[in-house]
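Reading through the structure tokens given below for one structure.
The values are calculated or read from the model by the stated rules, or taken from the named source; none is laboratory data. For clarity, every value in this text was computed on a predicted model and none was experimentally measured. Because the Cβ atoms are built from the backbone with ideal geometry, glycine has one as well, and the counts that use them run over all protein chains shown.
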Amino acid sequence: FQSAAIISPSAPRRNREANTSHPHGQRSPRLFRDIIASSHPAAGHHKDGEVPKDAVVPHEYMLSIYRTYSAAEKLGLNASFFSSSKSANTITSFVDKGTDNLLHSPLRRQKYLFDVSTLSEKEELVGAELRIFRKALGAPQAAGPFHLQLYPCRSDKPLDSRSLDAADSAETGGWEVLDVWDAFQTQRQHRSQLCFQLRAVHGKSDAEVDLRRLGLDRSGRGQQEKAILVAYTRSRKRENLFNEMKEKIKSRRSAEEKPARAEGLGEGPPRRRRR
Amino acid sequence: TAPNNRHGKRHGKKSKYRCSKKALHVNFKELGWDDWIIAPLGYEAYHCEGVCDFPLRSHLEPTNHAIIQTLMNSMDPNSTPPSCCVPTKLSPISILFTDSGNNVVYKQYEEMVVEQCGCR
């Protein structure tokens, strides 16, 4: 029997280097360190400024999923063993593209926008959640509980809600996870964009509060603090790695050709690319 | 029947050429896939190599057909090729990569690592 644990790459390096220990005090096996050492510099243990500017920096949540499940794999455990994987064999993260409308003060509503066009229709969706980072504000802004309520942008049927204790949430920041599986069933059918609207009410009243007082405003957030939409899917057919590669080459080629074509660089009829 | 040697000991050298699992390190960077694969940079895939000669050992879990083909090959190598040394058991690996929309995806790919070789 061996233990597996999630190590957050953002833990203080000294702490992490000295003893990569399991939360319950056991020393993490060597293979764990192998996994950390063998992954891409963009996977979280790069020194600042080392990652190329246009590189996609994976979200910490995705890094922790990868590290946990691949460590479990080495121990012969399948990812579906973890309830958090919802028995998915593919987990895709989409970064929020929405911005706060700063002209609106106070900020009573927020729209979260996601481009999910790359999500395969062939895979079965087994779960979907919206993860929003709530900053710690220090002093509580008001007494009593707040209720976060999430809606599709074009419907007033609530998707999910969460209660926040004013004192707790003021002292500690954290991720609020809201289930948006229903949204995929209704909005996804005919659209590649998903839009959610968030509001918060105070106690039993229906009065909306300023989301900034709950640490939810999006100004000044780094990549790792942006909201992400996580879709858990399961493919019925065995995935072919070369399909993935072909898709990549195709999308890369079209990205390369697009500016060239726009500038008319190609004189005369376009030359066939040597395969 | 397999020739018995006088000492009853196994031929160390011969077993080396028999069908078995060999090391194979795959480096995604060398494949040119490191622009879309975030982790891992590479992994131990192993591969199967060696001859399937008569008699086939049980750990190679040969199919009946492979046993017949190997027998015919041992009787007349020109008439029938030997059976093939192939992976008989494989396991998955997890890959973290960016898709065509630059979204970060975790996927478990089946049949990526050879766990066991056999004759088929």
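May I ask you to say which residue of A:Ser84, A:Ser120, A:Ser105 is of a type in the set (Ser, Thr, Tyr), within 14 Å of chain B (Cβ to nearest Cβ) and assigned to a loop (DSSP other than H, G, I, E, B)?
Working: A:Ser84 fails: assigned to a loop (DSSP other than H, G, I, E, B); A:Ser105 fails: within 14 Å of chain B (Cβ to nearest Cβ).
Residue meeting the stated conditions: A:Ser120.
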(request) Using the structure shown, decide if A:Ser70 is assigned to a helix (DSSP H, G or I) and not aliphatic (A, V, I, L, M). (result) yes
(request) Residue by residue through segment A:205-247, note down the ones that are among the hydrophobic types (A, V, I, L, M, F, W, C) and either at pLDDT below 85 or loosely packed, with under 11 Cβ neighbours inside 10 Å (or both). (result) A:Ala207, A:Leu241, A:Phe242, A:Met245
(request) Considering only segment A:91-102, state which residues are more than 7 Å from chain B (Cβ to nearest Cβ) and either among the small types (Gly, Ala, Ser) or surrounded by 15 or more Cβ atoms within 10 Å (Cβ to Cβ) (or both). (result) A:Val95, A:Asp96, A:Gly98, A:Asp100
(request) Being surrounded by fewer than 19 Cβ atoms within 10 Å (Cβ to Cβ) and either within 29 Å of B:His25 (Cβ to Cβ) or away from chain A (no Cβ under 14 Å) (or both) narrows it down to one of B:Ile95, B:Ile68, so name that one. (result) B:Ile68
(request) May I ask you to list the residues in segment B:49-62 that are surrounded by 14 or more Cβ atoms within 10 Å (Cβ to Cβ) and not in a strand (DSSP E or B)? (result) B:Gly50, B:Cys52, B:Asp53, B:Phe54, B:Leu56, B:Arg57, B:Leu60, B:Glu61, B:Pro62
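For every residue, the table says whether it meets (1) among the hydroxyl-bearing types (Ser, Thr, Tyr); (2) surrounded by fewer than 16 Cβ atoms within 10 Å (Cβ to Cβ); (3) within 26 Å of B:Asp76 (Cβ to Cβ); (4) within 14 Å of chain A (Cβ to nearest Cβ).
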| position | (1), (2), (3), (4) |
| --- | --- |
| B:Cys19 | no, no, yes, no |
| B:Lys22 | no, yes, no, no |
| B:Asn27 | no, yes, no, yes |
| B:Trp33 | no, no, no, yes |
| B:Trp36 | no, no, no, yes |
| B:Leu41 | no, no, no, yes |
| B:His47 | no, yes, no, no |
